[in-house]
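Asker: Questions regarding the structure given below will be posed in turn.
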Amino acid sequence: MPDEKPLDPTVGDLVRALAALLDEVNLSEIEYAQGERRVRVARNTAATSVTVAPAPIAAPVAHTPLSAIEPAGTIKAPMVGTVYLAPNPDAAPFIKIGDTVREGQTLLIVEAMKVMNHIAAPRAGRVAAILVADGMPIEYDQPLLVLE
Amino acid sequence: MPDEKPLDPTVGDLVRALAALLDEVNLSEIEYAQGERRVRVARNTAATSVTVAPAPIAAPVAHTPLSAIEPAGTIKAPMVGTVYLAPNPDAAPFIKIGDTVREGQTLLIVEAMKVMNHIAAPRAGRVAAILVADGMPIEYDQPLLVLE
Amino acid sequence: MFEKVLIANRGEIALRIHRACREMGIRTVAVHSTADANAMHVRLADESVCIGPAPARDSYLNIPAILSAAAITGADAIHPGVGFLSENARFANMVAEHGFVFIGPTSEHLRLMGDKVTAKQAARDFGIPTVPGSDGAVADIDEARKLADGIGYPILIKAAAGGGGRGMRVAATEASLAEAFATAAAEARAAFGNPQVYLERYLGRPRHIEVQILADGQGGVVHLGERDCSLQRKHQKLLEETPSPALNAGERAMVTKLATDAVAQLGYCGAGTLEFLYQDSAFFFIEMNTRLQVEHPISEMVTGVDIVREQLRVADGLPLSMRQSDIVLSGHAIECRINAENSVSFRPSPGQITAYLAPGGLGVRVDSALYEGYIVPPHYDSLVAKLILHGTGRNECIMRMRRALEEYVITGIDTTIPLHQRLAAEPDFIDGNYDVHWLERFVARAQP
Amino acid sequence: MFEKVLIANRGEIALRIHRACREMGIRTVAVHSTADANAMHVRLADESVCIGPAPARDSYLNIPAILSAAAITGADAIHPGVGFLSENARFANMVAEHGFVFIGPTSEHLRLMGDKVTAKQAARDFGIPTVPGSDGAVADIDEARKLADGIGYPILIKAAAGGGGRGMRVAATEASLAEAFATAAAEARAAFGNPQVYLERYLGRPRHIEVQILADGQGGVVHLGERDCSLQRKHQKLLEETPSPALNAGERAMVTKLATDAVAQLGYCGAGTLEFLYQDSAFFFIEMNTRLQVEHPISEMVTGVDIVREQLRVADGLPLSMRQSDIVLSGHAIECRINAENSVSFRPSPGQITAYLAPGGLGVRVDSALYEGYIVPPHYDSLVAKLILHGTGRNECIMRMRRALEEYVITGIDTTIPLHQRLAAEPDFIDGNYDVHWLERFVARAQP
């Protein structure tokens, strides 16, 4: 997974390590659980699917979902779907880290129910982080990127 | 119930009030529960039975049993049984509040399994309080009296 | 069998479905609103997807979000649970169009039974009596008089556009019909701007009796006996029991045969419930619920049949795992609905659970998604737990209900536990002597 | 029926008995040590009496304290539960002498079955096979050779004074008998100062099969099927199931008939269990437990019979509430014993419960006195919960066991839950392919 997509350090590192392992031993899926956190990485022909779900509970105490780790300026998913960083597989991404965007500029696309929904910048700013990978499934309210 | 038997104020008052009521309306038993505390007072021909048991729990949190309210110098019951304050129903009580007792002197009797067990003073002292009534059933470790 | 099922619901029923899936080796996907991120069905599921904000219309009723969640998680099938989208024919259609299996009947059957008029017509076509009535608006008092003779007194006159008791009158005999008719029509005009009324036989003390059926669309149809759901407040069931203390064996045989014959003729596939009013040994069809029902566990307790497992089987094209001759109705079962509301005022009581301990032991089943620290959100139905009791007889079952209610600890919110305790001590309940109006009067007695 | 019963026990079994009493309208008295002042059975009982300090010999085994507690609370009867004084004939006698009813068999039956020698003799008198053996010490190798021919090889040579495997040898054939005999005698002398040994048929892979019976002493005797309790570690049962996956219908009919015939001849009154070793289609009587057993709930799950209720009934002189023909063995049941101990090292793990949530739903029963905040005391047995599963078949039951174990939350202490989870995934267990030695090897595999 390329370095320019800085996930939250612990999650990002974990996913990266698992993805590397996936390649190394030529698997299509790895599940990994420790404590309350569980990560599953899988690779189909098209995209790498990362689903983070709560592990079978150790104790019924309120836990902090991964999506709660969010810096200020975070743009969150307005719907469930699949995220795309470029208008088509051969095209350049809409944005990259460090880009300055204007209000209304398309940041990425969320596909839901076969419809491509362009997600526009709610304000001008600099792209400080992209928190999702191309082709990744996302849930409602999931942090997508950080605009400074 | 005579005044010279000062139970823990709240419990004592409660039991006294219930006992008075028992007389007033000529009952043989009253149960009363509030919050975690439950008191049952009953009168047979011979003795007044007072059983204090936890009420059906409102919440499974550790509660303080009544027996935990105990001043320093408390003498506690060494066994389950029925307590007697005098050697026989017509005799004077072994002790009364304010008495000075010497070590080894009989303070009261606990009847268990038809055996009269004399409870002796573990040390010399002044009787500051008598926490049980004549003929009352008592449980193990229940405070009987306070020796100063 | 399905490999992964998405559960498009929340609360105890989502947990119920999760449990059936786990026991069949099926992976589960929980979908949830932002308000339910820490809910038990989310914690226990293999995967979870947040599908929208707290309001149900944006999450649990949000069809595109649910279908997208099914797509991104690779689910094979969607179980709609109870309420929400469970009887929505359009949703069932879209689920199928997107290549998933809808765990429920066909959209045609959902549509047929989802409309009161077509459902009643279907019932009559299958030879099931409905409450006799005028089949539509009545022009004037002369027509009303003629119709009333055929329907039989007492007659209920109801506003065609109505609801909530307005524009509603009862005529005990023909003598009072004209006045009742005129009053109802006047009230209907005043309340709804439409004076049209229709007639129906008035049932003064009916019981609500329903028959649980399972069908596989391949000729397999069974019933799991009847349930008596007469204890209702504002049309919300509070306590259900099976068998009904009011039916004799002949009546039981009659009503279950009515239900299974109808379902067989319909070619129905899935779990379903036919609801009847029962009075004076007669049954009148009200409606058919084409889904799992909240009170399904009591039928499971007396038959040993796992209704959700059968739903999953028949949705996957398998036949039912039993025939009618395999089913033995054994003992008595009661369900107490524990709602997050005050047991006297019925004011909703959302909030954080500060202590939670469910009763256990022989004959006690608890279906609940509660846990200590959980916050009951204010956005949804107030049902937070189902206490289900089973005993060899009705008396044993009621005694078990008392002791289990005594053990049940839920603090931090108000619940209907005290109401169930009052009920368990009430002679009419103990005698099984109640109708659909009884509970309203009973709760009114406790009100200040 | 009794008005007030004193429960002379603690933990989940005290709660179990309390529940049966409540459901029969009987008031309960909990007795407890100072360590158990906050225990659940104390909290739920109508009255409670502290009978002594934490050590069991001063409280739960303190007969005068228990009788005094019964006297001051005015109890009618005493239920001894499991363990502690439940098979103590002297206690049963004293209970009766003090005018209370002992809820259990007569002291004569307790005494007869409490002694291994008289119990085996009684079994043989009733026509029940015991493990063939020498009936006492064997003088020398010549006598041993003669006896061994009658008993049949392989032969186990056991120290008469022995225990713990010392002074114990197996001779597979006559060829090795002399050496094994000499070695066992030498070891016996070294270990116990007594060289006497006796002979017994050696069973290499027996299962522990037991039959639950109920009898009213008035001619009513029923069995509730058998239980397979072969999964044991250091003679402690860990998981029990019914029916046994090893028996066929003929064997089941045979062993239950052996048990009921014996109990009928005995004139027994109460609940009881006849324990057998089973190998190669043969049953050998080991002992009879003249009390309730920890694993009784699985028999309740497949029969619907409340065993504690029947104990109370027959102790009060009532007949059993059912005949054998009323009892239908339905489905499969498993009990997982949840102990407060590490699931690998089996180190006891007393301490405070920081979170507790029991599983629920269809076919799940939990018998436990745990709650959040409760402190498991170090003084008593480590059993803290029984997870009991019921399903229509064994496979369904095991799947339910998995999902329920997955849901069960007990934190703050170590428990055997992970061990049960490993067991539920183990092919030998899934195939029902185990004997009384299997679990020892299984747990050894996990040890570092």
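The values are calculated or read from the model by the stated rules, or taken from the named source; none is laboratory data. Everything numeric here is computed off the predicted structure, so don't read it as measured data. Every residue, glycine as well, gets a Cβ built from its backbone with ideal geometry; the counts of neighbours run over all protein chains shown.
Asker: Can we say D:Arg365 is assigned to a strand (DSSP E or B) and modelled with pLDDT of 95 or more?
Answerer: The answer is yes for D:Arg365.
Asker: Also, quick follow-up: Kindly evaluate D:Val29 against the criterion of being at pLDDT 95 or above and closer than 23 Å to B:Pro78 by Cα.
Answerer: So D:Val29 fits the description; yes.
Asker: Scan C:Leu203, C:Leu156 and give me the residue that is closer than 30 Å to C:Pro245 by Cβ, over 23 Å from the mean Cα position of the chain (by Cα) and either of a type in the set (Gly, Ala, Ser) or buried (at least 18 other Cβ atoms within 10 Å of the Cβ) (or both).
Answerer: The conditions single out C:Leu156.
Asker: I'm checking my understanding of the structure. Among residues of the range D:285-306 that are within 9 Å of another protein chain (Cβ to nearest Cβ) and assigned to a helix (DSSP H, G or I), which one is surrounded by the most Cβ atoms within 10 Å (Cβ to Cβ)?
Answerer: Taking the candidates together, the pick is D:Met301.
Asker: Restricting attention to the range C:102-141, which residues are β-branched (Val, Ile, Thr) and touching a residue at least 24 places away in the same chain (Cβ under 8 Å)?
Answerer: C:Ile103, C:Thr106, C:Ile128, C:Thr130, C:Val131, C:Val138, C:Ile141
Asker: Which of the residues that make up the range D:316-333 are among the hydrophobic types (A, V, I, L, M, F, W, C) and surrounded by fewer than 24 Cβ atoms within 10 Å (Cβ to Cβ)?
Answerer: Listed by number, the residues that qualify are D:Leu318, D:Leu320, D:Met322, D:Ile327, D:Val328, D:Leu329.
Asker: Against the condition modelled with pLDDT of 95 or more, among the hydrophobic types (A, V, I, L, M, F, W, C), farther than 30 Å from C:Gln447 by Cβ and touching a helix residue (DSSP H, G or I) at 6+ places or on another chain (Cβ under 8 Å), how does C:Leu199 come out, does it pass?
Answerer: no
Asker: Taking the range A:86-111 as the region of interest, how many residues are farther than 11 Å from A:Val127 by Cβ, out of contact with any Gly (no Cβ under 8 Å at 6 or more places or on another chain) and not acidic (Asp, Glu)?
Answerer: Result for the range A:86-111: 10.
Asker: Touching a residue at least 12 places away in the same chain (Cβ under 8 Å), touching a Ser or Thr at 6+ places or on another chain (Cβ under 7 Å), hydrophobic (A, V, I, L, M, F, W, C) and in the same structural domain as C:Leu423 (by TED's automatic domain parsing): does that describe C:Val263?
Answerer: no
Asker: Cβ-Cβ distance below 7 Å, separation of 6 or more or different chains: which pairs start in the range C:308-326 with a residue that is assigned by TED's automatic domain parsing to the domain that holds C:Thr290 and closer than 17 Å to C:Arg19 by Cα and end on one that is in a loop (DSSP other than H, G, I, E, B) and among the hydroxyl-bearing types (Ser, Thr, Tyr)?
Answerer: C:Glu310/C:Ser321; C:Arg313/C:Ser321
Asker: Which one of the conditions (1) away from chain A (no Cβ under 14 Å); (2) within 18 Å of the chain's Cα centre (by Cα); (3) hydroxyl-bearing (Ser, Thr, Tyr); (4) under 30 Å from C:His223 (Cβ atoms) does C:Ser325 fail to meet, given that it meets all the rest?
Answerer: Checking C:Ser325 against (1) away from chain A (no Cβ under 14 Å); (2) within 18 Å of the chain's Cα centre (by Cα); (3) hydroxyl-bearing (Ser, Thr, Tyr); (4) under 30 Å from C:His223 (Cβ atoms), the one that fails is (2).
Asker: For D:Glu287, work out the one condition from (1) modelled with pLDDT of 95 or more; (2) within 18 Å of the chain's Cα centre (by Cα); (3) under 27 Å from D:Gln121 (Cβ atoms) it doesn't fulfil.
Answerer: In the conditions (1) modelled with pLDDT of 95 or more; (2) within 18 Å of the chain's Cα centre (by Cα); (3) under 27 Å from D:Gln121 (Cβ atoms), D:Glu287 misses (1) alone.
Asker: A follow-up question, please. Name the residues in the range A:103-133 that are more than 14 Å from chain C (Cβ to nearest Cβ), part of a loop (DSSP other than H, G, I, E, B) and surrounded by fewer than 21 Cβ atoms within 10 Å (Cβ to Cβ), would you?
Answerer: Within the range A:103-133, A:Glu103, A:Gly104, A:Gln105, A:Ala121, A:Pro122, A:Arg123, A:Ala124 meet the criteria.
Asker: Shifting gears a bit: Residue by residue through the range C:371-385, note down the ones that are under 21 Å from C:Asp58 (Cα atoms) and out of contact with any helix residue (DSSP H, G or I) (no Cβ under 6 Å at 6 or more places or on another chain).
Answerer: The answer is C:Ile375, C:Val376, C:Pro378, C:Tyr380, C:Asp381, C:Ser382, C:Leu383.
Asker: Would you list the helices (runs of 4 or more DSSP H) that sit entirely within the range C:11-75 and hold 2 or more residues that are facing chain A (nearest Cβ under 9 Å)?
Answerer: The qualifying helices (runs of 4 or more DSSP H) are C:40-44, C:63-73.
Asker: While we're looking at this one, here's another question. List every residue pair whose Cβ atoms sit under 8 Å apart, with the two residues 6 or more apart in sequence or on different chains, where the first one lies in the range C:341-357 and is over 15 Å from C:Ala385 (Cβ atoms) and within 14 Å of chain B (Cβ to nearest Cβ) and the second, anywhere, is surrounded by 15 or more Cβ atoms within 10 Å (Cβ to Cβ) and of a type in the set (Ser, Thr, Tyr).
Answerer: What qualifies is C:Gln352/C:Tyr374; C:Thr354/C:Thr411.
Asker: Just need a number here: residues in the range A:67-78 that are at pLDDT 90 or above and out of contact with any Asp or Glu (no Cβ under 9 Å at 6 or more places or on another chain).
Answerer: Of the residues in that region, 2 qualify.
Asker: Just to be sure I understand, how many residues within the range D:368-398 are in a loop (DSSP other than H, G, I, E, B) and not aliphatic (A, V, I, L, M)?
Answerer: Counting residues in the range D:368-398 that are in a loop (DSSP other than H, G, I, E, B) and not aliphatic (A, V, I, L, M) gives 12.
Asker: Of the residues that sit in the range C:124-153 and are part of a helix (DSSP H, G or I), out of contact with any Asp or Glu (no Cβ under 9 Å at 6 or more places or on another chain) and small (Gly, Ala, Ser), which one is farthest from C:Ser176 (Cα to Cα)?
Answerer: This residue is C:Gly150.
Asker: In the list C:Leu199, C:Leu231, C:Leu239, C:Leu247, which residue meets the criterion of being in a loop (DSSP other than H, G, I, E, B) and in contact with a strand residue (DSSP E or B) (Cβ under 7 Å, 6 or more places away or on another chain)?
Answerer: Of C:Leu199, C:Leu231, C:Leu239, C:Leu247, the one residue that is in a loop (DSSP other than H, G, I, E, B) and in contact with a strand residue (DSSP E or B) (Cβ under 7 Å, 6 or more places away or on another chain) is C:Leu247.
Asker: Within the range C:235-260, which residues are without any contact (Cβ under 8 Å) to a residue 24 or more places away in the chain and charged (D, E, K, R)?
Answerer: The answer is C:Lys257, and nothing else.
Asker: What is the residue count in the range C:409-444 for residues that are farther than 21 Å from C:Arg227 by Cα, in contact with a strand residue (DSSP E or B) (Cβ under 7 Å, 6 or more places away or on another chain), hydrophobic (A, V, I, L, M, F, W, C) and in a loop (DSSP other than H, G, I, E, B)?
Answerer: Final tally of qualifying residues: 1.
Asker: Could you check the range C:67-101 and list, in sequence order, the residues that are surrounded by 21 or more Cβ atoms within 10 Å (Cβ to Cβ), touching a residue at least 60 places away in the same chain (Cβ under 8 Å) and in contact with a strand residue (DSSP E or B) (Cβ under 6 Å, 6 or more places away or on another chain)?
Answerer: The answer is C:Ala69, C:Ala70, C:Thr73, C:Ala75, C:Ala77, C:Ile78, C:His79.
Asker: Suppose we filter D:Ile410, D:Ile430 for residues that are closer than 28 Å to D:Tyr371 by Cα, out of contact with any Ser or Thr (no Cβ under 8 Å at 6 or more places or on another chain) and of a type in the set (A, V, I, L, M); which single one remains?
Answerer: D:Ile410
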